[in-house]
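Below is one structure, written out as structure tokens; comments come after it.
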């Protein structure tokens, strides 16, 4: 029984110090999503706040613009904040779920919320990246 207790205590000690600390993780300190960088087909790069991950692609705030980036336009991407999540093409499985959870709106953006976002940034509509 004694070796089991030692292993349990060591596991607890290690578990308490692994992972990002909230004070050093921007999405935990402010009401914003993680910063994402999307490399698109061609040579264009979109870098901005990840607002939401949708079935069809990403909703990103880039320099005050609200952009819809379809999955088919994405060659690869990575999180600038959020710790090393990188993907090629359309993110799937655990990668997609991690991106969704680190976005500003993990439960999605309704039409009403989108209208409020557009008004807040002085925009008429969402720009879709070709």
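The values are calculated or read from the model by the stated rules, or taken from the named source; none is laboratory data. Please read all numbers here as calculations on a predicted model, not as lab measurements. Cβ sites come from the backbone with ideal geometry, for glycine too, and all protein chains shown count toward neighbours.
With respect to being out of contact with any strand residue (DSSP E or B) (no Cβ under 6 Å at 6 or more places or on another chain) and under 17 Å from residue 33 (Cα atoms), residue 97 fits the description. Looking across segment 44-76, the residues that are over 16 Å from residue 97 (Cβ atoms), part of a loop (DSSP other than H, G, I, E, B) and free of Cβ contacts under 8 Å to residues at least 40 places away in the same chain come down to 56, 63.
Taking every residue in segment 86-109 that is in contact (Cβ under 8 Å) with a residue 24 or more places away in the chain and on the phi > 0 side of the Ramachandran plot and pairing it with any residue that is surrounded by 13 or more Cβ atoms within 10 Å (Cβ to Cβ) and not in a helix (DSSP H, G or I), at least 6 positions away or on another chain, the pairs with Cβ-Cβ distances below 8 Å are 108/52; 108/54. Considering (1) at pLDDT 90 or above; (2) surrounded by 14 or more Cβ atoms within 10 Å (Cβ to Cβ); (3) within 15 Å of the chain's Cα centre (by Cα), the lone condition that residue 126 does not fulfil carries the number (3). Determine if segment 103-113 includes at least one residue that is within 14 Å of the chain's Cα centre (by Cα) and not in a loop (DSSP other than H, G, I, E, B). Taking every residue of segment 103-113 in turn, none turns out to be within 14 Å of the chain's Cα centre (by Cα) and not in a loop (DSSP other than H, G, I, E, B). Is one or more of the residues making up segment 91-98 in a loop (DSSP other than H, G, I, E, B) and at pLDDT below 90? Yes, the conditions are met somewhere in segment 91-98.
For segment 32-41, the criterion of being closer than 13 Å to residue 109 by Cβ and either part of a helix (DSSP H, G or I) or modelled with pLDDT under 90 (or both) is satisfied by at least one residue.
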